[in-house]
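Here is the structure we will look at.
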Amino acid sequence: MPKVKVATIWFSGCSGCHMSFLDLDERLVELAQKVDIVYSPVVDIKEFPDGVDLTLVEGAVGNSEHWELLREIRERTKLLVAFGDCAVTGNVPSMRNPLPREEVLRSVYGEGEVPGLEEGEVPKLLPQALPLSMLVPVDGFIHGCPPPADRIWRFLQRLLAGESPLLVGEDLRFG
Amino acid sequence: MIHLEIDGREVTARPGQTILEVAEEAGVRIPTLCYLSGLSPRGSCRICLVEVANWNGKLVPACATPVQEGMRVVATSPRLTELRRRVLELLFAERNHICAICVSNGHCELQDLACELGLEAVRVPYRFPGLTLDASHGKFVYDPNRCVLCGRCVRACSEVEGAMTWGFSGRGIHTTVEPDLGGPWGSSETCTECGKCVQACPVGALVERGKATAEQEKEPQLLAQITERRPRA
Ligand code: SF4
Ligand code: SF4
């Protein structure tokens with residue numbers, strides 16, 4: 001059986017979901033027999049490849065670069081999964097959403113040139129940090145901040161076995 | 001005695017009992033949010049909606065609908081789960097629920113309902129309203145970002161404590177609960193600092209001061225324990 005091509009990516013998040021993924025510990029060895037990681041912060045590949053089976057997206061969509069990448073990933077991935085609360089609900093990055101974008105940036109960087117205010121070396125900050133499903137169709141959701149490793153494992157096992165629903169009951173708890 | 005059916009089971013009830021009370025006695029689970037034993041029912045959150053099959057499938061709130069002879073109640077069905085989940089999504093989208101940093105994380109009736117009703121993701125746009133936290137009270141904190149407008153605080157304060165500090169203010173999407181017709185809570189002349197509203201609140205909107213993330217556990221059953229001991233009129 002050919003290996004499942006898996007990508008992971010990290011937008012407006014804290015990397016906690018990826019840390020939790022690494023907490024799969026020895027189960028990573030078992031996973032590596034079934035999947036190939038073709039793109040991820042934990043492997044050194046620069047371009048998001050074509051024909052990916054499964055992409056786990058950590059983080060909310062907070063700037064123009066995230067938004068462009070998300071569209072690209074959606075086109076190149078069969079199953080797109082919101083990985084962790086920031087990707088599922090907006091979570092902590094969305095706390096800036098009630099405030100005007102410029103006010104948020106100025107309160108951090110002060111007067112004058114502000115990175116992210118306009119498109120430049122730093123991507124432009126979007127007016128609001130949004131959950132993935134508000135922007136593109138999403139095929140699965142892994143709740144939690146961060147999702148516990150056991151929950152990630154249950155999700156992946158059910159997904160690889162072609163079962164549904166992917167998570168139920170306590171595994172749907174936010175936070 | 002009144003005879004009726006709940007999820008195909010024949011049950012008997014006393015006149016004046018609600019569908020919810022009878023279902024509970026019969027061991028049929030109906031999820032609730034604005035309902036709290038010990039307080040008058042309000043029927044406002046719509047989480048406890050059930051169908052009455054012989055009323056053309058009419059939807060009624062189980063907590064506020066008295067049973068009637070011959071009623072055939074459907075309390076469990078895919079349609080009801082979907083409707084209840086929709087209600088839940090609207091509640092999540094209406095305010096700013098950031099569970100990861102909430103004092104009630106892990107002890108929250110809204111979170112519990114999301115698990116019970118299988119809420120994967122909210123399908124309506126989040127509103128992200130700009131609401132200000134009120135930390136002016138010496139013992140408690142009010143964070144409207146997490147309020148679901150269930151009114152349990154309003155009823156606990158007026159019906160059980162008799163202080164009538166909490167009330168609804170504004171209309172429609174602009175509705176909030178406010179102490180003394182508009183805070184700050186700390187300057188309230190009516191609040192007795194009893195904390196019944198905090199215990200009644202199902203979420204992290206009314207909490208004890210000084211609680212950190214996930215530390216706030218509540219005992220909403222206290223309200224019924226108090227009222228059960230009171231002489232009935
Ligand atoms: S009140 Fe409940 S649902 Fe809202 S943020 Fe707190 S834990 Fe989450
Ligand atoms: S403060 Fe709590 S008890 Fe009061 S209406 Fe809001 S959610 Fe309900």
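The values are calculated or read from the model by the stated rules, or taken from the named source; none is laboratory data. In this text the structure is predicted, and so the values were computed from the model without any measurement. Note that we place each Cβ from the backbone using ideal geometry, even for glycine, and neighbour counts take in every protein chain shown. For accessibility, only protein heavy atoms count, side chains too; no ligands or nucleic acids. Shrake-Rupley method; radii C 1.70, N 1.55, O 1.52, S 1.80 Å.
Work from the charge dipole of the range B:2-76 (Cβ charges, +1 for Lys and Arg, -1 for Asp and Glu, about the Cα centre) and give the residue of B:Cys45, B:Leu59, B:Ala23 farthest towards its positive end.
B:Cys45
Per residue, what accessible area does the range B:108-233 have, given a 1.4 Å probe and all protein chains present, in Å²? Show your work: numbers first, answer last.
Numbers: 6050 Å² over 126 residues.
Solvent-accessible surface per residue comes out at 48 Å².
What total accessible area, in Å², is buried where chains B and A meet, using a 1.4 Å probe and rounding to the nearest 100? Mind showing how you got there, number by number?
On the way: alone 11710 and 9550 Å², together 19420 Å².
In total, this chain pair buries about 1800 Å².
Please check the range A:72-100 for residues whose accessible area, probe 1.4 Å, is lower by 10 Å² or more when all protein chains are in place than in their chain alone.
A:Val88, A:Thr89, A:Asn91, A:Val92, A:Ser94, A:Met95, A:Asn97, A:Pro98
Give me the distance in nm between label points sitting 7 Å out from Cα along the Cα-to-Cβ direction at B:Glu193 and A:Glu65, one decimal.
5.2 nm
So what is the relative contact order for the range A:1-86, in percent, with contacts set as C-alpha pairs under 8 Å and at least six apart? Mind showing how you got there, number by number?
On the way: 129 pairs, mean separation 34.1, N = 86.
Averaging sequence separation for qualifying contacts and normalising by length gives 40 percent for the range A:1-86.
Within 10 Å of each Cβ in A:121-131, how many Cβ atoms from other chains are there, averaged over the peptide?
Numbers: counts 0, 0, 0, 0, 0, 0, 0, 2, 1, 3, 4.
Taking the mean over all residues of the peptide, I get 1.
Would you compute, from DSSP H runs of 4+ residues alone, the mean residue ellipticity of chain B at 222 nm, taking -39500 (n - 2.57) per run and dividing by the full residue count, rounded to the nearest 500? Mind showing how you got there, number by number?
Details: 6 runs with 48 residues, N = 233.
When only DSSP H runs of four or more count, the value is -5500 deg cm²/dmol.
What's the average, rounded to a whole number, of partner chain beta-carbon atoms within 10 Å of each residue's beta-carbon in B:125-133?
Working: counts 3, 8, 2, 10, 2, 4, 1, 0, 0.
For this peptide, the per-residue mean of nearby foreign Cβ atoms is 3.
Evaluate the distance, in nm, between pseudo-label points positioned 7 Å from the Cα of B:Ala26 and of B:Leu90 along their respective Cα→Cβ axes.
2.7 nm
Over chain A, what is the mean sequence separation of C-alpha contacts under 8 Å (at least six apart), divided by residue count, expressed as relative contact order in percent?
Values: 305 pairs, mean separation 42.9, N = 175.
Relative contact order comes out at 24 percent.
Mind pulling the angle between the C-alpha long axis of helix A:64-76 and the longest principal axis of chain A? Nearest 10 degrees, somewhere in 0 to 90.
The angle comes out at about 30 degrees.
Work through the residues other than B:Gly70 whose Cβ is under 13 Å from its Cβ and net out their charges, Lys, Arg +1 and Asp, Glu -1.
Numbers: positive: B:Arg72; negative: B:Glu5, B:Glu10, B:Glu69.
It works out to a net charge of -2.
At 222 nm, what helix-only mean residue ellipticity would chain A give, in deg cm²/dmol to the nearest 500, using -39500 (n - 2.57) for each DSSP H run of four or more? Walk me through the intermediate numbers first.
Numbers: 6 runs with 54 residues, N = 175.
Computed ellipticity for chain A at 222 nm equals -8500 deg cm²/dmol.
Over the heavy atoms of A:Leu105, what accessible area does a 1.4 Å probe trace out, to the nearest 10 Å²?
20 Å²
Using the beta-carbon distance between A:Arg27 and A:Met95 and R0 = 41 Å, what value does 1/(1 + (r/R0)^6) give for FRET efficiency, to the nearest 0.05? Display every interim value, and only then the final one.
On the way: r = 33 Å, r/R0 = 0.81.
That gives a FRET efficiency of 0.80.
Heavy-atom accessible area per residue, the range A:25-159, 1.4 Å probe: how many Å²?
Numbers: 6620 Å² over 135 residues.
Using a 1.4 Å probe on heavy atoms only, each residue of the range A:25-159 averages 49 Å².
Of the trypsin sites (Lys or Arg not before Pro) in the range B:2-86, which ones lie in a loop per DSSP and count no more than 13 other C-beta atoms within 10 Å? Before the final figure, lay out the partial values.
Numbers: sites: B:Arg9, B:Arg29, B:Arg42, B:Arg46, B:Lys58, B:Arg72, B:Arg79, B:Arg84, B:Arg85, B:Arg86; in loops: B:Arg29, B:Arg42, B:Arg46.
Answer in residue order: B:Arg29.
Which GluC sites (Glu not before Pro) does the range A:1-66 hold that lie in a coil by DSSP with at most 11 other beta carbons within 10 Å? Present the calculation step by step, with values, prior to reporting the outcome.
Details: sites: A:Glu26, A:Glu30, A:Glu47, A:Glu58, A:Glu65; in loops: A:Glu26, A:Glu47.
Loop-located and lightly packed - A:Glu26, A:Glu47.
Over the range B:1-153, what is the mean sequence separation of C-alpha contacts under 8 Å (at least six apart), divided by residue count, expressed as relative contact order in percent?
Numbers: 236 pairs, mean separation 34.5, N = 153.
Result for the range B:1-153 is 23 percent.
Count of lysine pairs in the protein assembly as shown with Cα atoms under 14 Å apart, counting only pairs 8 or more residues apart in sequence or on different chains?
Lysine pairs meeting both conditions in the protein assembly as shown amount to 6.
What is the Cα centroid distance between the range A:1-63 and the range B:2-74, reported in whole angstrom?
Between the Cα centres of the range A:1-63 and the range B:2-74 lies a distance of 48 Å.
As I understand it, the value is the acute angle between the Cα axis of helix A:149-160 and the longest principal axis of the Cα atoms of chain A; what does it come to in degrees, rounded to 10?
Between helix and principal axis, roughly 60 degrees.
By how many degrees, between 0 and 90 and to the nearest 10, does the Cα long axis of helix B:78-94 differ from the longest principal axis of chain B?
10 degrees
For A:Asp85, A:Asp150, give me the order by solvent-accessible area with a 1.4 Å probe, most accessible first, ignoring ligands, DNA and RNA. All intermediate terms of the calculation are to be shown ahead of the outcome.
Values: A:Asp85 5, A:Asp150 80 Å².
The ordering from most to least exposed comes out as A:Asp150, A:Asp85.
Can you give the mean number of other chain Cβ atoms that lie within 10 Å of the Cβ atoms in peptide B:112-120?
Mean partner-chain Cβ count within 10 Å for B:112-120: 5.
Please get the size of the charge dipole for chain A, origin at its Cα centre, with Cβ charges of +1 on Lys and Arg and -1 on Asp and Glu, quoted in debye to the nearest 20. Each step should come with its number before you reach the end.
On the way: 17 positive and 27 negative charges, 104 e Å.
In debye, rounded to 20, chain A gives about 500.
For A:Trp67, B:Trp166, give the ranking by accessible area with the largest first, probe 1.4 Å. Provide the component values of the computation, followed by the final result.
Values: A:Trp67 70, B:Trp166 15 Å².
The residues order as A:Trp67, B:Trp166, largest area first.
What's the carbon and sulfur percent of the protein assembly as shown's accessible surface, probe 1.4 angstrom, rounded to a whole number?
Numbers: 10200 of 19420 Å².
Here carbon and sulfur together make up 53 percent of the probe-accessible area.
For the range A:119-159 and the range A:75-108, what is the separation of their C-alpha centers, rounded to whole Å?
Cα centroid to Cα centroid, the span is 9 Å.
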